[in-house]
Amino acid sequence: MVMMTTVIDSNDLRGIDNNNDNADKRSGLDSSSARKGSSGSYGSLQQQQFQNGGSPFQTSPPVPPRKPPKMFKEKEGLFLWICKFAPRKKIGMMLLCVVSAAVFLWVLYVGKGEDTQELIMSMNSGVFPPDTGQIRHIDSIEKNDVGKIASIESPPPPPPPLAYFKGYTLPPGNSCEGFTLPPPPADKKRTGPRPCPVCYLPVEQAIALMPDAPSFSPGVSSLTYIHEENLSKSEFGGSEFGGYPSLMQRNDSYDVRESMSVHCGFFRGARPGHQTGFDIDDSNLLVMESCRGVVVASSIFGAFDLIRQPQNISEYAKGNVCFYMFVDEETENFLRNSSELDSSMRIGLWRIAVVHNLPYDDPRRNGKVPKLLLHRLFPNARYSLWVDAKLELVVDPYQILERFLWRKNASFAISRHYRRFDVFVEAEANKAASKFDNASIDFQVDFYRKEGLTPYTRAKLPISSGHLSILIMFADVPEGCVIIKEHIPISNLFTCLWFNEVDRFTPRDQISFAIVRDKIREKTNWTLNMFLDCERRNFVIQGYHRDVLERWPPPPPPGAIAVVHPPPPVIDETMPNVSASSFVTSPVKKIPTKRGRERKSRRHRKVIPG
C-alpha cells in the first residue's frame, strides 16, 4: 500500500500535468528536489538506524516520498497521452478508480497468500483464527486447483434430481413366475361373488422389495390444505368440518397444477384431530404422527360392528405396522361393557383411538373421515391400508402392498364392484335398497350428468391384462371396502377431492368415485390399479354386521352334536275333517311329466289306386 501511495502523491505527475502552464519551471524544480530527497530506500534507512543505535520498532520521523519504480517511469508516456486528452477535473476520479482496482487486486492475490500462511501457522500452533470456516474453504479450493475467487463466489451447484420409484420386474425363478388367473368355474348356478387365487411373494421377499424412494406424483408436487377459523356457509351444501367450499373453489380444485391448496376436512385448526372436529386425544395423536411406515386402519361408529383380529401377520409387521381402530364413545362403552377393552386401549393388534366431537350425525359419513383422510391423520406414514370393520384381514400387509402397489408401479389401488360397473345403475341399486334418501341420490346423479358423466361402456379406459387374454377395464363403480394407497401428493389430492364430494352430496362414495377420477385424469396421466373383486376377497374375509349376528342363535358348545329339526308342517285350516297326522303321513302323488316329443295323432295315408 505504501508503494501505491507514493505513486499518487509524487510531484512528477503534477509536473507532467502542468507542462503547458506558466508554472513549468517551478514544477520542474519541485520535482527534482523531491527526487534528491527521496534517493534512499527503506532498507538503507533501517540499516542507518541500526548503525545509529535506534530500534527497528521505534517510531521514525516522516519519510520523504520515494522515487517511483521503473515500471511507472516506463508508463509516463501513457499518462502524458491520457492527460492531454482528458479534462483536468476528471483526472482525480480516474486515479481513484485506478487505486481502487489496485487495492482489489492486492487483496485477491496478496491477501489470499497471507491468509493461507496464517492458516498454516495456526494449524502448527493448534489455534485457528476467528474466520476458520472461510479459510478452510479457500484452502480446499487451492488444493483442488478449482480456480480463484470467482469459483468461491459462484452459487452452489443445484441439488441432484430427486429419485423416484419406477417399479421393478420380479427376478426369474420367483414363486409367482408363470402364474395365471384360472378360468371361472363352470358351475353356472353359483353366480355370487367368491375369491380367486392370488400369487403373493413370501413376506421376507416382499419386505425386501419395499421401495426406498416415493413414486412420482404427476401433475402436482406440493399439496397444502385450507384451514381457517371464520367460516362463511356456502349455498351449495357441505359442512363446517369440510369448510363449505363454494362451486368456484370446487372447480378450481380440479385444475391440477404443481402447487395446490385444497379443502380436505379438519377445516378449523392447523393440526388434524385437535380441536377441529373428529378430535383425538393428544397421546394418540403423538403416536400417530410418529408412524412413518405402513398403517392399517379401520373404524366402528355406533357400535355397528365387532372387532375382528387380523390373521397370518408376520412378526415384522406386528412390530412395524401401525394397526389403528377408530371408535366413537358409544362403541367404546360397548367394548368396555363386553370386557374386550381395558386400560391398555388395545384389543389384540388393534390400538383403539376414541374420537370425540364427531362432525356428522350419520355414522356412515363419520366413517368416511378415516377412510379417505388417513394421510391427514398419519402425516408421516408412507403407505396405508384401509379395511372396513366388517372384514377380517388374512394376509400380511407387506404382501398386499407388494402385489397391488409395488409390482404394478401404482400409488392407489381399489377393487372393482363384482357386479355393477355403471354409476347410474349403482344409484338405482342404492335407491332400491334404501341406502340413502332417494331425492339426494337423484340430485347428485343429475349434477354429475350435467358435468359430463356418461354411462359406462366396455370401451371406456381399457387396460389389457395377461391373464387368459381377458380385457380388464376400469369400472366406474368400486367396491370401496378396501383402499390401498401410497401417501404422495397426487393420491392425497384424489382422496381429498373424493371426500369433498362425500361431504357435499351423499355418503355413498361409490357414486362419486368416477367423477373425481375422470376429472383428475383429464389433467394428468395418473392411473390407479382397479383389480378384480375376487382378488380382494382373497386377502379379506367378509363378515356380517353386529345386528345381524345378534339375531342368530348362539353356536353350540364344542363337542355337542347339532340336531337339525325339520320345519313343522303347514296345515290349511280350511280343509275339513283332515287331521295333522293324516296330512303328514299321506303320500303326495307325483304328477308324471311327459318326456320326449309330444305324441301326435297317427293318420293313415290314403292310398290312391292306379
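The values are calculated or read from the model by the stated rules, or taken from the named source; none is laboratory data. Just so we're clear, the structure is a prediction, and the values are computed from it rather than from any experiment. Here Cβ is always computed from backbone atoms with ideal geometry, including for glycine, and neighbour counts include all displayed protein chains. Side chains included, ligands, DNA and RNA excluded: accessible areas come from the protein's heavy atoms. Shrake-Rupley method; radii C 1.70, N 1.55, O 1.52, S 1.80 Å.
General observations
- Complete set of residues in the range 375-385 that are of a type outside the set (Gly, Ala, Ser) and open to solvent by less than 10 Å² (accessible area, probe 1.4 Å): Leu377, Phe378, Tyr383, Leu385
- Residues of the range 228-256 satisfying the condition of being of a type in the set (Asp, Glu), modelled with pLDDT of 95 or more and surrounded by 12 or more Cβ atoms within 10 Å (Cβ to Cβ): Asp252
- Boolean, Arg292 is open to solvent by 70 Å² or more (accessible area, probe 1.4 Å), closer than 28 Å to Tyr398 by Cβ and assigned to a loop (DSSP other than H, G, I, E, B): yes
- In the range 317-339, residue nearest to Arg365 (Cα to Cα) [restricted to those that are out of contact with any helix residue (DSSP H, G or I) (no Cβ under 6 Å at 6 or more places or on another chain) and of a type in the set (Phe, Trp, Tyr)]: Tyr324
- Within the range 324-336, considering residues that are open to solvent by 10 Å² or more (accessible area, probe 1.4 Å) and touching a strand residue (DSSP E or B) at 6+ places or on another chain (Cβ under 6 Å), the one nearest to Gln309 (Cα to Cα): Glu332
- In the range 413-445, the residues that are closer than 26 Å to Lys485 by Cα, in a loop (DSSP other than H, G, I, E, B) and of a type in the set (D, E, K, R): Arg419, Arg420, Asp422
- Ser339 passes every criterion in (1) in contact with a Ser or Thr (Cβ under 6 Å, 6 or more places away or on another chain); (2) assigned to a loop (DSSP other than H, G, I, E, B); (3) open to solvent by 10 Å² or more (accessible area, probe 1.4 Å) apart from (1).
- Selection of the range 350-373 for residues being assigned to a helix (DSSP H, G or I), open to solvent by 10 Å² or more (accessible area, probe 1.4 Å) and closer than 18 Å to Leu285 by Cα yields only Lys371.
Listed here are the residues, each with its yes/no results for (1) within 16 Å of Glu479 (Cβ to Cβ); (2) modelled with pLDDT of 95 or more; (3) under 20 Å from the mean Cα position of the chain (by Cα).
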| site | (1), (2), (3) |
| --- | --- |
| Trp386 | yes, yes, yes |
| Ile400 | yes, yes, yes |
| Trp406 | no, yes, yes |
| Ala410 | no, yes, yes |
| Phe421 | yes, no, no |
| Phe424 | no, yes, no |
| Ala439 | no, yes, no |
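- Scanning the range 297-317 for residues that are under 17 Å from Phe539 (Cβ atoms) and over 23 Å from the mean Cα position of the chain (by Cα) yields Arg308, Gln309, Pro310, Gln311, Asn312, Ile313, Ser314.
- Selection within the range 490-516: residues that are of a type outside the set (D, E, K, R) and touching a Pro at 6+ places or on another chain (Cβ under 9 Å). The member of this set that is farthest from Tyr360 (Cα to Cα) is Ile490.
- Reported count of residues in the range 388-432, each being over 21 Å from Leu209 (Cβ atoms) and hydroxyl-bearing (Ser, Thr, Tyr), is 2.
- Enumeration of residues in the range 257-270 that are surrounded by 21 or more Cβ atoms within 10 Å (Cβ to Cβ) and in a loop (DSSP other than H, G, I, E, B): His263, Cys264, Gly265, Phe266, Phe267
- Selected residue (only one of Phe421, Phe378, Phe412 is over 17 Å from Gly293 (Cα atoms) and among the aromatic types (Phe, Trp, Tyr)): Phe421
- Arg419 being under 21 Å from Thr495 (Cβ atoms), open to solvent by 60 Å² or more (accessible area, probe 1.4 Å), of a type in the set (D, E, K, R) and out of contact with any Phe, Trp or Tyr (no Cβ under 8 Å at 6 or more places or on another chain): no
- Single match in Tyr225, Tyr316 (criterion: closer than 24 Å to Gly480 by Cβ, modelled with pLDDT of 95 or more and open to solvent by 20 Å² or more (accessible area, probe 1.4 Å)): Tyr225
- First in the range 186-211 and modelled with pLDDT of 95 or more and of a type outside the set (S, T, N, Q), second anywhere and assigned to a loop (DSSP other than H, G, I, E, B) and surrounded by 16 or more Cβ atoms within 10 Å (Cβ to Cβ), Cβ under 6 Å, 6 or more apart: Val203/Ser314; Val203/Asp396
- Check on Asn538, in contact (Cβ under 8 Å) with a residue 12 or more places away in the chain, assigned to a helix (DSSP H, G or I) and closer than 19 Å to Asn251 by Cβ: no
- Those residues of the range 311-367 which are among the hydroxyl-bearing types (Ser, Thr, Tyr) and under 24 Å from Lys435 (Cβ atoms), in sequence order: Thr331, Tyr360
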